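J.: Got a structure here, written out as structure tokens. Questions coming.
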Amino acid sequence: MYYPFLRGKQHELFALRDLNEAGILTEGIIPIIEPVKYSTQLVNTLNGLLNSNRHVIVIMNPSVGTFVDDLIENEEQLEEVLEIMNHSHTIIGYHLESDKALDELPQIVERCGGGLENVAIFHNDLRNLITYDQLFGELEAQFNFIPDETPFRRRFANNNGIVLKDSFEKRTPNAEYLNHEDEWFSAEHLYHEEEGFIGFADYSIVGEEYTESGFGAKAVAIHILYPDNQNHLRIRHFVSDSNENRADQAGKFGEALEKFIEWYNENSSPTINTQGLNELLACHHNGNFPGLGMLKRFSIKHHMELIGNILVRV
């Protein structure tokens, strides 16, 4: 199983919505959403997934954003979210950050329905394993998302563990990707089961670092995942060349897109022919600049559909 970790930002939510509505979000994918704020897009996306009989993990104590404050300040929004959380296919996600979880998590579970054994715990500090053991006793959480660290791997191998890795090497500024056009991404989809884990997780092509909003960059980069001849995942970066200033974002996109088209014509295959890539191809055919937010959406959609295609084959 694959668990893509997405912040509840507009284009990440729309990427999920598009894949779900197109019927190409495979059963081997359970999305994780860490809401950064309340929005109608968040509610509509979650309801769309649930109405399609899909499972989804929603983190109820996000580490970033204003989601909790939004719900505290608006009773109607709180009730709307609680109704979603009480759905049988919604899984409560929780960052285990301190011993306040001893009081807070049972309260969240009670309001959202279910039991502790149905919770997805996100671990980040070994010292909090004492709190985890106090909470769960002889039980285990339904999912334990852990960093790629040996002590965590030993503790949760064969105990509902899932390694959550930031496989995307973020480089600043974007022009730096010109020096790293093709990079390793991951092989967790091949080895997680034999290592005792029930799935694998990552932050897609966005990365773990959270930023509130984007802005025009001097260089435009398109990030595309693909499998190599051993079925390992690699990522290819297609970067504009006229990167002296932030002017002419459409022109920069066109430069990066031409590089993608050249690569695609040489590497096209049924596995990588996804809706996200077809939308990029349509931009080239129509001479259209969709905007940087849409470019992000295309890449996320491609990533999730590609993983789904690969899991069917593994």
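J.: For the structure I just gave you, tell me whether F168 is of a type in the set (F, W, Y) and either in a loop (DSSP other than H, G, I, E, B) or on the phi > 0 side of the Ramachandran plot (or both).
T.: On the way: of a type in the set (F, W, Y): yes; either in a loop (DSSP other than H, G, I, E, B) or on the phi > 0 side of the Ramachandran plot (or both): yes.
Judged against the criteria, F168 is a match.
J.: In this structure, is N229 closer than 28 Å to D202 by Cα and without any contact (Cβ under 8 Å) to a residue 24 or more places away in the chain?
T.: It is true that N229 is closer than 28 Å to D202 by Cα and without any contact (Cβ under 8 Å) to a residue 24 or more places away in the chain.
J.: Also: If a residue has to be aromatic (F, W, Y) and either without any contact (Cβ under 8 Å) to a residue 40 or more places away in the chain or assigned by TED's automatic domain parsing to the domain that holds E21 (or both) to count, how many in region 253-297 make the cut?
T.: Selection size over region 253-297: 3.
J.: For the condition under 20 Å from the mean Cα position of the chain (by Cα) and of a type in the set (D, E), what is the one hit in D99, D166?
T.: On the way: D99 fails: under 20 Å from the mean Cα position of the chain (by Cα).
Only one candidate qualifies: D166.
J.: Identify, from the list I91, I108, the residue that is outside any strand (DSSP E or B), in the same structural domain as S39 (by TED's automatic domain parsing) and on the phi < 0 side of the Ramachandran plot. Don't jump to the end; show me each part of the working.
T.: On the way: I91 fails: outside any strand (DSSP E or B).
On inspection, the qualifying residue turns out to be I108.
J.: So how many residues does region 203-227 have that are surrounded by fewer than 17 Cβ atoms within 10 Å (Cβ to Cβ) and either within 17 Å of L277 (Cβ to Cβ) or more than 24 Å from the chain's Cα centre (by Cα) (or both)?
T.: 1
J.: Also, I was wondering about something else. Can you pull out every residue in region 117-141 that is of a type in the set (A, V, I, L, M, F, W, C), closer than 15 Å to I92 by Cβ and touching a strand residue (DSSP E or B) at 6+ places or on another chain (Cβ under 9 Å)?
T.: Listed by number, the residues that qualify are V119, A120, I121, F122, L135, F136, A141.
J.: Every residue in region 171-196 that is closer than 26 Å to V56 by Cβ and not in a loop (DSSP other than H, G, I, E, B), please.
T.: F185, S186, E188, H189, L190, Y191
J.: How many of the residues making up region 23-42 are surrounded by fewer than 17 Cβ atoms within 10 Å (Cβ to Cβ), in a loop (DSSP other than H, G, I, E, B) and out of contact with any helix residue (DSSP H, G or I) (no Cβ under 7 Å at 6 or more places or on another chain)?
T.: Of the residues in region 23-42, 2 are surrounded by fewer than 17 Cβ atoms within 10 Å (Cβ to Cβ), in a loop (DSSP other than H, G, I, E, B) and out of contact with any helix residue (DSSP H, G or I) (no Cβ under 7 Å at 6 or more places or on another chain).
J.: Let me ask another. When you check E117 against the structure, is it closer than 21 Å to Y2 by Cα, outside any strand (DSSP E or B), modelled with pLDDT under 95 and not assigned by TED's automatic domain parsing to the domain that holds E244, yes or no?
T.: Here the answer is yes, as E117 does meet what is asked.
J.: Residues of region 221-234 being in contact with a Lys or Arg (Cβ under 9 Å, 6 or more places away or on another chain) and part of a loop (DSSP other than H, G, I, E, B), which ones?
T.: D228, N231
J.: Any idea which residue in region 43-66 is surrounded by the most Cβ atoms within 10 Å (Cβ to Cβ), counting only those that are over 21 Å from Q142 (Cα atoms) and without any contact (Cβ under 8 Å) to a residue 40 or more places away in the chain?
T.: Once the filter is applied, the top-ranked residue is T45.
J.: Quick check: is even one residue across region 67-77 hydrophobic (A, V, I, L, M, F, W, C), surrounded by 14 or more Cβ atoms within 10 Å (Cβ to Cβ), touching a Gly at 6+ places or on another chain (Cβ under 8 Å) and farther than 22 Å from T45 by Cβ?
T.: No: zero hits.
J.: Is it the case that A201 is in contact (Cβ under 8 Å) with a residue 60 or more places away in the chain and out of contact with any His (no Cβ under 9 Å at 6 or more places or on another chain)?
T.: Taking the combined requirement at face value, the residue satisfies it.
J.: Take the conditions under 30 Å from K37 (Cα atoms), surrounded by fewer than 21 Cβ atoms within 10 Å (Cβ to Cβ) and free of Cβ contacts under 8 Å to residues at least 24 places away in the same chain and apply them to T172. Does it pass?
T.: Spelling it out, T172 is indeed under 30 Å from K37 (Cα atoms), surrounded by fewer than 21 Cβ atoms within 10 Å (Cβ to Cβ) and free of Cβ contacts under 8 Å to residues at least 24 places away in the same chain.
J.: Something else now. Which helices (runs of 4 or more DSSP H) sit wholly inside region 235-314 and have at least 3 residues that are surrounded by 16 or more Cβ atoms within 10 Å (Cβ to Cβ) and under 23 Å from the mean Cα position of the chain (by Cα)?
T.: In region 235-314, 275-286, 292-313 are the helices (runs of 4 or more DSSP H) which contain 3 or more residues that are surrounded by 16 or more Cβ atoms within 10 Å (Cβ to Cβ) and under 23 Å from the mean Cα position of the chain (by Cα).
The values are calculated or read from the model by the stated rules, or taken from the named source; none is laboratory data. Note that the structure is predicted; figures quoted are calculated from it, not measured. Don't worry about glycine lacking a Cβ; one is built from the backbone with ideal geometry, like all the others, and counts go over all protein chains shown.
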